[in-house]
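Just so it is clear, none of the values below were taken in a lab; they were calculated from the coordinates. Note that the coordinates shown come from a computational prediction; the quantities given were computed from them, not determined experimentally. Glycine gets a Cβ as well: all are built from the backbone with ideal geometry, and neighbour counts include every protein chain shown.
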Amino acid sequence: MASAASWTSFLKSITSYNGDLASLTAPPFILSPVSLVEYSQYWAEHPNLLLAPNFISNNPKTQSDNDDDDNDDDDDYEADEDNIDVKKILAVTKWFIATLKSQYCSRNESMGSEKKPLNPFLGELFTGKWSSVSKDPKDSKDLGETILLSEQVSHHPPITAYAIINEKHNTTLQGYNRIKASIYTYTLSVKQFGHAILQYKNSNDSYLITLPGLHIEGLLAASPFVELDGKSYIQSSSGYLSAIEYSGRGYFSGKKNTFKAKIIKNNEAKINLKKKSPEKILYTIQGQWSEKSYISKYNSSAKKLFYDANLIKPEILSVKPIEAQHPLESRKAWLDVAEAIKSGDYDLIHNKKSKLENDQRELRKIEIENNTPWKNRWFTEIDLSGKELPALGQKSDPFTTLSTLANLSKNDVPSGTPIGDKEDDPNAHSKHWRLNIDAYKNESEITP
Ligand code: CLR
């Protein structure tokens, strides 16, 4: 019953929440031994879906059609769509929907509930790779190796940047995120800042991916879980938008984790706040992102299975053994704390965590004394305000064109905020984190 008592004091502490999640002292049973820097891996636990747009061609009998056996209803919708750009945004939408179960349900599945992750230290790294063999038995393509780079690029406020790179297919996903949490009567409400950019360099296609809002329910019952809310968008450079709306139990349907995605051509309808111009919806996809979802074509009532989240198991990232890791690598750095958490010994957790945190404070002090500020390893901050040229030698950043196409703000405001929305703070800066490709290419010390 000791844990029940400390849960009560935890609940009391969140009523006086000051905006800093790290300052909440949660009882051991709700602590996760995993650092938030690891969460970037959830973007690619289905590498075949991430890479799928590479295999979509104009040829009516495409590779993916050939791969289908008799039981081909899970991607049959591709067969009667001949616009290649529409096919591609459907494939990207499918990959994105497939990431959600990993992103938002995996702690419940592996640890029984949502948990409080370790708060990454500045410069903390996490890297690993996915092999070239697809888990999908229908997939016989050579995917090549996909690697993950994840780095804590800021500690105050916490910001994680990541890149997922497949050299064989010239495909890169990169992004960063930060959260802002508030508490309303025992519900933790979280806004995500940041975005991801997905680039298929062989075909010159790029996509902007924005991040949904979420809230944590079940706090009173001591079994927290995530519920997504609001909207998120996928904007393609080819001029198509996938607008996804989330809701929980009992809004669109009686079911949890529901969503409704609309595929729209940009010049037919922009994200318009004031007057809703009539949208010409090409496809609608609805269902549960943690279960099954169905797709229907404009003007047709016929529904086909779009994605079944329980059909193909996620492909787990392979990470070097801890003995082979660098001291900045997450699992190595947090090893003692992680073991203390697993042992459930509050004092031990506190001691090990304090040691790591004090060492970090000491490092920051030395940096100030010596005037040698911490240097990020794989990522750089760029400024898209137009006042300065974007760094990394790029004339323009895909975010500028893609956010303009979608009518989304370019500023550091909640992800997916439309231009002119009440959340679109005109005074917010336009700095965003990008992969420093040279730093990655010249990296020899810390490899996946
Ligand atoms: C981080 C970025 C990932 C998606 C994601 C999933 C779950 C989120 C996490 C992000 C941020 C931290 C988070 C977590 C769920 C719970 C946790 C909001 C957005 C908070 C800090 C824990 C609160 C503590 C209670 C569970 C007791 O791509």
If you wrap the stretch 109-220's Cα atoms in a convex hull and average its projection over all directions, what's the area in nm²? 9.3
Sequence gap at least 6, Cα distance under 8 Å: using those rules, report the relative contact order of the chain to the nearest whole percent. 16
Among Pro418, Ser32, Asn266, the residue whose Cα sits farthest towards the positive end of the charge dipole of the chain, when +1 is placed on the Cβ of each Lys and Arg and -1 on the Cβ of each Asp and Glu, is Pro418
Which value, in debye to the nearest 20, describes the size of the charge dipole of the stretch 291-332 about its Cα centre when Lys and Arg Cβ atoms bear +1, Asp and Glu Cβ atoms bear -1, and nothing else is charged? 220
Amide H proximity to Ser35 below 5 Å, modelled H, separation 5+ or other chain, gives Leu118
Could you sort 339-352, 191-204 so that the peptide with the highest average Cβ count within 10 Å comes first and the rest follow in order? 191-204, 339-352
Which helices, taking whole DSSP H runs in the chain, have alpha carbons extending 18 angstrom or more along the helix axis plus mean Kyte-Doolittle at least -1.0? 2-15, 84-111
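Give me the dipole magnitude in Debye, nearest 20, for the stretch 314-448 about the Cα centre, with unit charges on the beta carbon: positive for Lys and Arg, negative for Asp and Glu.
For this selection, approximately 160 debye.
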So for the stretch 72-223, averaging the separation of alpha carbon pairs under 8 Å that are six or more residues apart and normalising by length, what relative contact order in percent results? 12
Convert each backbone phi in the stretch 193-207 into a coupling constant with the Karplus relation 6.51 cos²θ - 1.76 cosθ + 1.60 (shift: θ = phi - 60°), then list the ³J(HN,Hα) values in order as whole Hz, x for Gly and Pro. 10, x, 6, 10, 10, 10, 10, 9, 6, 5, 9, 6, 9, 9, 9
Cβ charges +1 (Lys, Arg) and -1 (Asp, Glu), total dipole of the chain, debye: 1220
Given charges at Cβ of Lys, Arg, Asp, Glu: the stretch 123-266 dipole, positive-most of Phe126, Leu148, Ile183: Ile183
Tell me the relative contact order for the stretch 136-224 as a rounded percent, counting alpha carbon contacts under 8 Å between residues six or more apart. 19
Mind listing the long-range amide H neighbours of Leu384? Cut-off is under 5 Å, sequence gap 5 or more, other chains count too, H placed in the peptide plane at 1.01 Å from N. Ser430, Lys431, His432
With Cα springs under 10 Å, the Gaussian network model of the chain assigns the largest mean-square fluctuation among Gly416, Gly239, Gly213 to Gly239
Work out the charge dipole of the chain with +1 on the Cβ of Lys and Arg and -1 on the Cβ of Asp and Glu about the Cα centre, then indicate which of Ser110, Pro157, Ser57 is farthest towards its positive end. Pro157
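Based on the mean of other beta carbon atoms within 10 Å per residue, what is the order of 396-405, 372-381, most packed first?
Most protected by this proxy first, the peptides run 396-405, 372-381.
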Packing-ranked peptide list from 109-115, 254-260, highest mean Cβ count within 10 angstrom first, is 254-260, 109-115
